[in-house]
Amino acid sequence: SKLGDGAASPADYSEWGSDNAAAIRKAIATGADVYIPTIGETIPGYEVELWFGAMAPRGTPQAVVDTLNGAINKILQDSEMKKNLDSQGMVSTGGTPAKFNERIQHEKEDFDALMRDLLATRAVFARLANSVYAALGMDVLRSRVADARARMLSSRFSLSLRDAMGEFLANVRKDLGKAQERTDEVHELMQAMYRRFMTEQGMMLPPLTPLRVKPYIDEIERVAERFEREFSTLRVLTGEQSVLIQKFFETVATRVKDVYVRANRDVEAWLKSVMAPIEIQARDQQRSLRKRLESVKRVHEASNELDAKIDELQEQQDAVEALSAEHGALLAQVRAQIFALSIPPATDDANAYAAA
């Protein structure tokens, strides 16, 4: 037998004010004159139950289990019991032992599916996260800076110096654009997984906020615009202008590095925040299931200890009965001997009297 959802009652929520009674986890029929929408009305398929059940030790005769089940079901249907449970936001459902076993097995299967989904999500998430880091990699940036610097040194007094600077900024913007595309893919994937975990596993997950790389792209755009204003109209470079462009490049390279450092820090924090809610709640469900399994195990262990104690007591009883039987036999022998000694031997007078 089991009890239903162990949440606070709708009446309790109404005492806080309607604005605070946002939703409840499961649709339940109670006597409260209050309507609170279920989460399932917003997230189709969402349903979570907290339940309590009674278990008997392993090996308990089926007749005993059926008797206990009938008695518990009868108690759960009692009007006072229903009223008490209703005040705690619970609904007495009762049921058969077979249905209870099916529920336990169903929860285990659900958790196994959760772990499979979580592992698959981790694999895809890791692949996409690596693609984000590849677009924002400091090694890639260092390589681009080195290439641009080498081109500028080899063309000190030609327009190629300006072109190298422009190509460097274009590549940086391209890399940041790729990073935005990859973070959008991560966001889309995790949104789908959030909906799935909330619907199928009953998780309470927060809204997923996308990561915006655009502010960093805009920052680079401003640098590029300044470069265009200063150097796009040049047709011939003087020595002074060549030195000026190279100094400008070094300043830009330092600024771009700072942008990448901040972007990488924000990406790392965002990626952690995306997976953390699922990881935490999966661990919570794992601990909950483990506790339930341990509870069942303790019941079984207690049953085994009880069986061993019963066997021990049975052996002791058999030994006592055997000893009692042995004592009974000895007592019978003693009584027979005492009886024989208490009868006097026959005499001649007695024989004569008997003959007469």
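The values are calculated or read from the model by the stated rules, or taken from the named source; none is laboratory data. These figures come from a predicted structure and were not determined experimentally. With ideal geometry, Cβ positions are generated from the backbone for all residues, glycine too; neighbour counts draw on all protein chains shown.
The requirement of being surrounded by fewer than 14 Cβ atoms within 10 Å (Cβ to Cβ), in a helix (DSSP H, G or I) and among the small types (Gly, Ala, Ser) is fulfilled nowhere in the range 127-142; no residue meets it.
Please determine whether any residue of the range 215-228 is within 30 Å of Arg196 (Cβ to Cβ), modelled with pLDDT of 80 or more and either touching a Gly at 6+ places or on another chain (Cβ under 7 Å) or not aliphatic (A, V, I, L, M) (or both). No, that holds for no residue. Got at least one residue in the range 107-124 being out of contact with any Ser or Thr (no Cβ under 8 Å at 6 or more places or on another chain), among the hydroxyl-bearing types (Ser, Thr, Tyr) and either within 21 Å of Arg283 (Cβ to Cβ) or surrounded by fewer than 14 Cβ atoms within 10 Å (Cβ to Cβ) (or both)? Within the range 107-124 (the criterion being out of contact with any Ser or Thr (no Cβ under 8 Å at 6 or more places or on another chain), among the hydroxyl-bearing types (Ser, Thr, Tyr) and either within 21 Å of Arg283 (Cβ to Cβ) or surrounded by fewer than 14 Cβ atoms within 10 Å (Cβ to Cβ) (or both)), the answer is yes, since at least one residue qualifies.
Here the condition is being assigned to a helix (DSSP H, G or I) and within 30 Å of Lys108 (Cα to Cα); of Ala146, Ala192, it holds for Ala192 alone. Checking each residue of the range 61-84 against the condition of being of a type outside the set (Phe, Trp, Tyr), touching a residue at least 60 places away in the same chain (Cβ under 8 Å) and within 27 Å of Asp284 (Cα to Cα) gives no match.
If you check Ala32, Ala11 for being modelled with pLDDT under 70, in a helix (DSSP H, G or I), in contact with a helix residue (DSSP H, G or I) (Cβ under 9 Å, 6 or more places away or on another chain) and not charged (D, E, K, R), only one passes: Ala11.
The residues of the range 93-105 that are within 24 Å of Gln77 (Cβ to Cβ), out of contact with any strand residue (DSSP E or B) (no Cβ under 9 Å at 6 or more places or on another chain) and free of Cβ contacts under 8 Å to residues at least 24 places away in the same chain, listed by number, are Ala98, Asn101, Glu102. Residue-level check: of (1) of a type outside the set (Ser, Thr, Tyr); (2) modelled with pLDDT under 85; (3) surrounded by 14 or more Cβ atoms within 10 Å (Cβ to Cβ), Phe168 misses just (2). Can you find, within the range 143-165, the residue that is nearest to Glu268 (Cα to Cα) among those that are at pLDDT 85 or above and loosely packed, with under 13 Cβ neighbours inside 10 Å? Result: Ser143.
Just so you know, in the range 58-85 the residues that are hydroxyl-bearing (Ser, Thr, Tyr) and closer than 19 Å to Lys99 by Cβ include one that is modelled with the lowest pLDDT, and it is Thr60.
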